[in-house]
Amino acid sequence: MLPSNRSPLMRSKRFHAPVRVVRSLDAMQSLALAWKHEGQRVGFVPTMGYLHRGHISLVERARRWAGPAGKVVVSIYVNPTQFAQNEDLGKYPRDFPRDLDLCAAAGADVVFAPRDGAMYSGGQPEVHSTWVIEDTLSAGLEGRSRPTHFRGVTTVVAKLFNLVLPDVAVFGAKDFQQAAVIQRMAANLNFPVRIIVAPTVREPDGVAMSSRNKYLTPAQRDQAIVLSRLLIEARKRVRASTTGLDPIRLREALRPVAAVYPLARIDYLEFFDPRTLEEADLVRRGTRMAVAAFLGDTRLIDNGPL
Ligand code: PAF
């Protein structure tokens, strides 16, 4: 059966020019250099494929930014270095033909899909010994639960920026910390790229779109709503307070909400300053909340402003 996000986009595919697929790193960089030479604007959306409406909203955003004459590149690459050994690299969902249709329908010009292994020293990962490490914003939240994750993300995104040479790159707010880390990396390393952070796209029941939702059993999918429910409840309490709330007390107050969803195991629930990502001493309007939870083996994340 097709995933629920497929049909409306698929219907429009025949009205769109097929997207050009680039596999080789050299070919991508030559194309990007030729565009630069012509003065083209290039918008870029890095992804790991198995696209959903959230990704498509990023591609559409890049398309709007680039205008009809500019170029939009979507990369599809399941980056091994951002997965720990116990994580889901081997079973990460893939559907390349469907991704191509979705990219074409959303107005992408090029899908850059490097072959497995080519990104890291021509298939010899042991020869790859250069890493990009952002060591402040990546320390907490996801970084605490997944210690090598952001090193993999910043390294692959730096490589992708060097291959695609984008003027603008669009990331989703669902991975708020990732977007902040990449913004910091781009600024610190002087990549001439502007980072746009686009809003999280949600299912009608509030669950944030994620390729990993595919792993959920129907019962787990029903209870995945716990993440957005926790956000809504926290927001309600913060908005009702004139003085701000103690984070420990607020976390306690949210326990009964989590208890309604016994299939979910909360990994962390944190309140933080959206500029520094430091833990908040006092939770008030503008503080951001991030939550990660396991449903079975599947780990989902969500976040939002309070
Ligand atoms: O957000 C993702 O899908 C990945 O972390 C990214 C940015 C494509 C890097 O592999």
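The values are calculated or read from the model by the stated rules, or taken from the named source; none is laboratory data. The model shown is predicted, which means the values in this text are computed figures rather than measured ones. Here Cβ is always computed from backbone atoms with ideal geometry, including for glycine, and neighbour counts include all displayed protein chains. Accessible surface areas use protein heavy atoms only, side chains included; no ligands, DNA or RNA. Shrake-Rupley method; radii C 1.70, N 1.55, O 1.52, S 1.80 Å.
Laid out as a table, the results:
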| item | result |
| --- | --- |
| Probe 1.4 Å, accessible area per residue of region 27-107, Å² | 41 Å² |
| Whole-angstrom gap from region 248-270 to region 15-40, using each part's C-alpha centre | 46 Å |
| Placed amide H near A198: partners under 5 Å, 5+ positions off or other chain | F171, G172, A173 |
| Stretch gain in nm, segment A187-E38, where the contour uses 0.36 nm per residue and the Cα spacing is subtracted | 51.1 nm |
| Over the chain: helical MRE at 222 nm, DSSP H runs n ≥ 4 each giving -39500 (n - 2.57), nearest 500 | -11000 deg cm²/dmol |
| Assigned charges on the beta-carbon of Lys, Arg, Asp, Glu; the chain dipole about Cα centre (debye) | 920 debye |
| Between helix 247-259 and the chain: long-axis angle, C-alpha atoms, 0 to 90°, nearest 10 | 80 degrees |
| Whole-percent carbon and sulfur share, accessible surface of the chain, 1.4 Å | 52 percent |
| Long-range amide H partners of T298 with built H, under 5 Å | none |
| Rounded accessible area of D246 (nearest 10 Å², 1.4 Å probe) | 70 Å² |
| Accessible area of region 150-240 divided out per residue, in Å², using a probe of 1.4 angstrom | 40 Å² |
| Note, ³J(HN,Hα) from phi for region 145-154, Karplus 6.51, -1.76, 1.60, rounded to Hz, x at Gly and Pro | 7, 10, x, 9, 4, 6, 4, x, 5, 5 |
| Whole-Hz couplings from phi, Karplus 6.51/-1.76/1.60, listed for region 85-95; x for Gly and Pro | 4, 8, 9, 9, 3, x, 10, 4, x, 9, 7 |
| Long-range amide H partners of G49 with built H, under 5 Å | Y77 |
| W35, W131, W65, reordered so the largest accessible area comes first (probe 1.4 Å) | W131, W65, W35 |
